[in-house]
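The values are calculated or read from the model by the stated rules, or taken from the named source; none is laboratory data. Quick caveat, the model's predicted, so the values are computed rather than measured. Methodologically, a virtual Cβ is constructed for each residue, glycine included, from the backbone with ideal geometry; neighbour enumeration extends over all protein chains shown. These accessible areas exclude ligands, DNA and RNA; they are computed on the full protein's heavy atoms, side chains included. Shrake-Rupley method; radii C 1.70, N 1.55, O 1.52, S 1.80 Å.
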Amino acid sequence: RPPPAHPGFDLSPIACAPQSPTRPQPSRIDTMAAPRPHENPFAAELMATAKAIATPGKGILAADESSGTIGKRFAQINVENVQENRRAYREMLFTTEGLGNFISGCILFEETLFDVARDGNTKLVDLLTKQGIIPGIKVDKGVQPLPGTAGETVTQGIDDLGKRCAKYYEAGARFAKWRAVLNINDSSGATPSPLSIKQNAETLARYASICQANGLVPIVEPEVLMDGTHSIETAQLITEKVIAACYKELSDHNVMLEGTLLKPNMVRNGEAAPADKKATPAQIAAATVQCLQRTVPPAVPGITFLSGGMSEEEATVVLNEMNKIEGPKPWALTFSYGRALQQSCLKVWQGKTENEAGAKKELIVRAKANGMASKGMYGGEAAGGAAAAASTFVANYSY
């Protein structure tokens, strides 16, 4: 009686017969000649950079707001959106004493990467490296409508990315960020559409591959927006699909995961969800960690969360709850916050030189709080910040 068939294996007598000792034939994988991660001349540097950014007790300051977005922030404090004010604000952030104790990396907008300080000579990136903070760069060019969908988008900027990455590396950047945006517009699972998930995952993987080829650690940011009325259960289901799709594409693009970081949304209900669907910080933390356990390979050194419109205090508390959860967490769970690090600081600053000391105090208090939260040791010490409890939510947020 013949043995049962096994898919993928030839059990015929000829195939199973002993073979004469002939020269080994290359396998199908060998003949594909695909570039492998270990062949990247930047491999060791990429791994070291990613590991340094994911240092326990530290996270990322996201100061990569475009000129238009920072203008909206300045409008709230009646500060004119001109280059000198943008430079003054970023210089104030970067010269905060002790910032490097809690911030391992800082994402910059292109203008800031090449800008100089008030003295007309010192590069702003040198202010960061002086504190041991690794400079990074936002490299995407924003979203555009994805044809064939109901208002979904895909991120642009691939065409000249290689040349730009080489230029940014030369200027001192050592990691990069690319944001993909996905929406949940229903509770049936129809959105984000399979096309939107596929296109954004492919683009993130292509971006990551190009970054690594040019020495930059890619932060992979597939953000599922918190706009909507959906429940936390729906958010978890969709976020798992999106992140899983990203790692499939990263594998297909031969991206070295040890030289990458993930910047996902926290899993939570929609901002407009009814009161009975509002999740607690502990519930958000549990759903987020479970989502990551199901989708993120242990080779990834760190997960640097975006705040997604939460208040400064809520973003810190949820991060703290995640790090208190027992169980397998093979990656560092830390932060990559923009609004949730800067809101109180900006409110105190008001564009005035005489307010810089107070603004820096707000920044260091919040940075320390998040550093403690990344170790599960935050006890509410920063809850009294100037704008700690104020929501940072902006519908359909872009920067």
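Observations
- Filtered by the rule that a residue be part of a helix (DSSP H, G or I) and among the aliphatic types (A, V, I, L, M), the stretch 304-337 gives 315, 317, 318, 319, 322.
- Taken together, the residues in the stretch 250-264 that are within 25 Å of residue 48 (Cβ to Cβ), in contact (Cβ under 8 Å) with a residue 40 or more places away in the chain and assigned to a helix (DSSP H, G or I) amount to 4.
- Pairs, first within 30 Å of residue 44 (Cα to Cα) in the stretch 174-192, second among the aromatic types (Phe, Trp, Tyr), C-beta under 6 Å, six or more apart: 178/207
- For the stretch 167-186, residues that are under 18 Å from residue 226 (Cβ atoms) and loosely packed, with under 15 Cβ neighbours inside 10 Å total 1.
- A count restricted to the stretch 368-386 and to residues that are in contact with a strand residue (DSSP E or B) (Cβ under 6 Å, 6 or more places away or on another chain) and not in a loop (DSSP other than H, G, I, E, B) stands at 1.
- First in the stretch 144-166 and open to solvent by less than 70 Å² (accessible area, probe 1.4 Å), second anywhere and acidic (Asp, Glu), Cβ under 8 Å, 6 or more apart: 146/152; 155/140; 157/140
- When the stretch 270-303 is filtered for residues that are of a type in the set (D, E, K, R) and modelled with pLDDT of 95 or more, only 294 remains.
- Only listed residue being open to solvent by less than 40 Å² (accessible area, probe 1.4 Å), under 24 Å from residue 84 (Cβ atoms) and in contact (Cβ under 8 Å) with a residue 60 or more places away in the chain, chosen from 338, 358: 338
- Residue count for the stretch 233-246, restricted to those that are of a type outside the set (S, T, N, Q) and either open to solvent by less than 20 Å² (accessible area, probe 1.4 Å) or not in a helix (DSSP H, G or I) (or both): 5
- Some residue of the stretch 254-269 being modelled with pLDDT under 95, surrounded by fewer than 20 Cβ atoms within 10 Å (Cβ to Cβ) and over 17 Å from the mean Cα position of the chain (by Cα): no
- In the stretch 341-355, residue most open to solvent (accessible area, probe 1.4 Å) [restricted to those that are free of Cβ contacts under 8 Å to residues at least 60 places away in the same chain and under 24 Å from the mean Cα position of the chain (by Cα)]: 343
- Answer residue from the stretch 95-143, given it is more than 23 Å from residue 371 (Cα to Cα), in contact (Cβ under 8 Å) with a residue 60 or more places away in the chain and not in a loop (DSSP other than H, G, I, E, B) and is most open to solvent (accessible area, probe 1.4 Å) among those: 143
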